[in-house]
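Here is the structure we will look at.
The values are calculated or read from the model by the stated rules, or taken from the named source; none is laboratory data. The model shown is predicted, which means the values in this text are computed figures rather than measured ones. In this analysis, Cβ positions are derived from the backbone assuming ideal geometry, glycine residues included, and neighbour counts consider all displayed protein chains. Accessible surface is based on the protein model in full, side chains and every heavy atom, while ligands, DNA and RNA are left aside. Shrake-Rupley method; radii C 1.70, N 1.55, O 1.52, S 1.80 Å.
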Amino acid sequence: MVLTGFRPRRLLVVVAVLFGVLAAGVAPAAAHAALTGSDPAQGSVVAHAPEQVALTFSEGVAMGNDSLRVLDPQGKRVDRGKLRNLCSGSVVKYGAGLPPGLPNGTYTVAWQAISADSHPVSGAFTFSVGAPSKTAAAVPQQQVGGGLVGALYEIARYLAYAGFVLLVGGAAFVVACRPAAARVRSVQHLVVRGWALLTGATLAMLLLRTPYTGSGKLADVFDFGGLQQVVMSKPGAALLSRLLLLAAAALFVAVLFGAYARLHAPDGTDANDTDGTGEAENTKDTENTENTEDTEDAEDAAKRRKDLTFGLAVGGVVLAAGLATTWAIAEHASTGLQPAVAMPVDVLHLLAVAAWLGGLAALLVSLYWGPPVERTAVRRFSRVAFGSVLVLVATGTYQSWRQVGSWHALTDTSYGQLLLVKVGLVAVMVAVAGLSRRWTGRLTAAAQNTDRTDRTGPTAAPADAQDTSAPSGAEDAPAADAAGSGGPADPARVAQLARQQAALVTARKKRIRDADPVRRGLRRSVLTEAAVAVLLLAVTTVLTTTEPARTAEAVKAASADRSPDANQPRVLNVPFDTGGADGKGTARLDLDPGRSGGGNELRLRIADPSGKARDVPQVEVSFTLGAKKLGPLPVALRHSGTGHWTASGVQLPVPGRWQLSLLVRTSDFDQVTETRNVTID
């Protein structure tokens, strides 16, 4: 990829805007734990009020007494307000008891929970007792975790990932690839801002956690009671642990850019790159040669550098692994299949991402806003990046198998589709990295030549790097101006002219540095990698908030199993009038599950015009399938209570449109036979 006339800062802003557009189009976080079943079933009609409402989930959830509410047709809460843990083995199930004698009508079940991977889930459904009715219960229209609070929380999640990558990857680049970068201001700013970004995003997530998992109201960030509950939860404890680790990371960064930078500073130079070009001012006083007696022995300095490098490497790995673990213990890796294996794999995956993308960012700022990068440093980073890609391939393959489970889920689920996009972006990055590797192979030792060019003046620079914007002798202008005044020099004027001279020298050094076409090509390819990395990180953030493909497939299968045609009983309400005194009423028949073959259960209820159950002297039911010349097949009814009859093992041999015949006798002389058609699958 060739970029002409580009401005790196402007391009980075454009990339950030593109990510903003991408993030704005992302739906609120999808549920990770999903409702796979309920008793009573969603939309079902039951003859008698159940003793409890039970919910079954695809994975572990955290629920409280107010997490499951049952509302009557008028919207009044009727459950007992105490949650029951019905979990058994791998089955995750919770229930709420109901009082006896609930009247007929449609009831609403509203539930809310926190899945084991820290994401809030919620939903609502209805079931009916006796017969459906109108209901005034308000069903939540917005899922928990959505709205403004959900958007802010997801932005904080992305910024946390970005801060982790910059902090860990930038520090790793300094220690493992280019120790001299500890003195480069642009690299220092990158790592420090990564730490600040991760710290700020973590604090924001901790404060937003209460409204994110509860009311959805932004004002609840100041609910300190809710914050106390958040800290006691697993996600809150992970965020709090991350803050403690970041306090230790601040000390690590201070040593890295303090003592470590001074040990790698050339003799007689500052520990920091003060002008953005890597040319620190020479502060050695040549007239005071006695100060050289205090210079440390070279071998002792080398040993100190080695010891400090080892200490920083070990401490940095421990801190980075600890920070990565705060994600692993609170998200996808901590639930589902093989969590004991998945969490260490997730930590390795995050560390590999940080080493690659964060190191890439450090290399990018070094190439644009720092001294010439040594060929050996680029080669070291190339090896680190290659190793990181190998780790990403291995850990990503395992994670994909664990979360997807089947090939068709890659294209049939949102998680699988996002995973394919992520794989495509990684492939693009690897291809561009190969181009960067080619530029690295052609890279010459221009860093040493630049120093010699600076000492010999602009005439030694390449023709396209000459300073044509200033006339000959411009560098001597401050001295000539000050000396030609014929009087004492104005200190302010001298300082101003000195700054102008320094700016001219800095501009010339940058032109000389940027004149190498190989380095220019390397900078452009690395910038392209970084742009793709921003999009890759955005897709990764969305992926972590999307329901895993395994869960989505399980929910889809469960939904198919409890479809109306499969599990819901065939319900018939048959009014009758035998013509005699008290001869009017209604018969309700429930055939469950209403399938061909055996195993059907028939429930019959006889009620008077007021809806009160009543007994009658005789009631008979039979089925006929005229198309197959089957029947009538009588049903052996058993009286089970006032106005109630049941029959088990009702046999309907083949599917089809059967005719149900109902005979009701209310006196010795008054009876009637009603017929209805019912479709049997």
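Yes/no per residue for (1) polar (S, T, N, Q); (2) surrounded by fewer than 16 Cβ atoms within 10 Å (Cβ to Cβ); (3) farther than 30 Å from Val61 by Cβ:
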| position | (1), (2), (3) |
| --- | --- |
| Gly163 | no, no, no |
| Leu166 | no, no, yes |
| Cys177 | no, no, yes |
| Pro211 | no, no, no |
| Ala219 | no, yes, no |
| Gly226 | no, no, no |
| Arg242 | no, no, no |
| Leu245 | no, no, no |
| Gly258 | no, yes, yes |
Practice prompt. Kindly indicate whether Asp590 is within 48 Å of the chain's Cα centre (by Cα), assigned to a helix (DSSP H, G or I) and modelled with pLDDT under 90.
Written response: no
Fill in: Selection from the stretch 42-82 of residues that are open to solvent by less than 30 Å² (accessible area, probe 1.4 Å), of a type in the set (A, V, I, L, M, F, W, C) and in contact with a Ser or Thr (Cβ under 8 Å, 6 or more places away or on another chain)
Val45, Val53, Ala54, Leu55, Phe57, Val61, Val70, Leu71
Worksheet item: Do we have Arg193 as at pLDDT 90 or above and buried (at least 24 other Cβ atoms within 10 Å of the Cβ) here?
Response: no
Practice prompt. Identify, from the list Thr286, Thr277, the residue that is modelled with pLDDT under 90, of a type in the set (Ser, Thr, Tyr) and buried (at least 17 other Cβ atoms within 10 Å of the Cβ).
Written response: Thr277
Worksheet entry | Hey, Gln112 open to solvent by 60 Å² or more (accessible area, probe 1.4 Å) and at pLDDT 85 or above or not | no
Worksheet item: Does at least one position in the stretch 19-33 carry a residue that is surrounded by 18 or more Cβ atoms within 10 Å (Cβ to Cβ), touching a strand residue (DSSP E or B) at 6+ places or on another chain (Cβ under 8 Å) and either closer than 30 Å to Gly521 by Cα or at pLDDT 50 or above (or both)?
Response: yes
Discussion item. Being farther than 20 Å from Trp369 by Cβ and not in a helix (DSSP H, G or I) narrows it down to one residue among Gly236, Gly216; which is it?
Written reply: Gly216
Practice prompt. Search the stretch 378-402 for residues that are closer than 23 Å to Glu331 by Cα and pair each with any residue that is of a type in the set (S, T, N, Q) when their beta-carbon atoms are under 8 Å apart and the residues are at least 6 apart or on different chains.
Written response: Arg402/Gln338
Practice prompt. Could you please find all residues in the stretch 610-653 being open to solvent by 50 Å² or more (accessible area, probe 1.4 Å) and among the aliphatic types (A, V, I, L, M)?
Written response: Ala627, Leu630, Leu633, Ala636
Worksheet, complete the sentence: Over the stretch 614-634, the set of residues among the aliphatic types (A, V, I, L, M), modelled with pLDDT of 90 or more and part of a strand (DSSP E or B) is Val619, Val621
